[in-house]
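Student: Please see the structure below; I have some questions.
Throughout, read-outs are computed from the coordinates displayed, never taken from laboratory work. Not measured: the values here are computed from a predicted model. Cβ placement follows ideal geometry from the backbone for every residue including glycine, while neighbour counts extend to all protein chains displayed.
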Amino acid sequence: MNTEIYRRENSNWLSSHATDKSLTYWRCQARDIFARYPQVTLIEVVRSGRKTDSSLIARGEDYPARDQYVIVASTGGKWGKSRRDFAPRA
């Protein structure tokens with residue numbers, strides 16, 4: 001699974017009780033983003049580390065739609081890419 005979608009109206013991001021530590025982390029991040037950005041209704045976490053794998057950001061664009069937020073997860077490792085967040089344009 002390369003991407004995860006969190007919707008404000010769904011409760012898949014509320015629970016922090018999961019055996020998978022990564023899932024717990026991304027749910028916590030979703031709760032934080034929903035709290036900081038009241039206009040955001042959809043969050044996509046791209047776990048592959050590639051922005052082009054996002055279904056919410058068009059190729060060549062730097063911002064998602066006004067009600068969307070995209071996180072491109074870190075690839076880790078010594079030479080890996082850092083996490084990149086794409087917030088809606090203000």
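Student: So residue 44 passes all but one of these: (1) in contact with a strand residue (DSSP E or B) (Cβ under 7 Å, 6 or more places away or on another chain); (2) over 17 Å from residue 88 (Cα atoms); (3) of a type in the set (D, E, K, R). Which condition number does it fail?
Tutor: (2)
Student: Can I ask one more? Look at region 31-72 and say how many of its residues are under 15 Å from residue 7 (Cβ atoms) and either in contact with a Cys (Cβ under 6 Å, 6 or more places away or on another chain) or not small (Gly, Ala, Ser) (or both).
Tutor: 19
Student: Also, I was wondering about something else. Looking at region 32-55, which of its residues are basic (Lys, Arg) and surrounded by 16 or more Cβ atoms within 10 Å (Cβ to Cβ)?
Tutor: 47, 51
Student: Next up: Only one residue in 66, 50 is under 13 Å from residue 88 (Cα atoms) and of a type in the set (Lys, Arg), so which one is that?
Tutor: 66
Student: Tally the residues that are closer than 21 Å to residue 23 by Cβ and touching a Lys or Arg at 6+ places or on another chain (Cβ under 7 Å), restricting the search to region 50-79.
Tutor: Summing the residues that are closer than 21 Å to residue 23 by Cβ and touching a Lys or Arg at 6+ places or on another chain (Cβ under 7 Å) in region 50-79 gives 5.
Student: Go through (1) hydroxyl-bearing (Ser, Thr, Tyr); (2) in contact (Cβ under 8 Å) with a residue 40 or more places away in the chain; (3) not in a loop (DSSP other than H, G, I, E, B) and name the single condition residue 55 misses.
Tutor: Of the numbered conditions (1) hydroxyl-bearing (Ser, Thr, Tyr); (2) in contact (Cβ under 8 Å) with a residue 40 or more places away in the chain; (3) not in a loop (DSSP other than H, G, I, E, B), the odd one out for residue 55 is (3).
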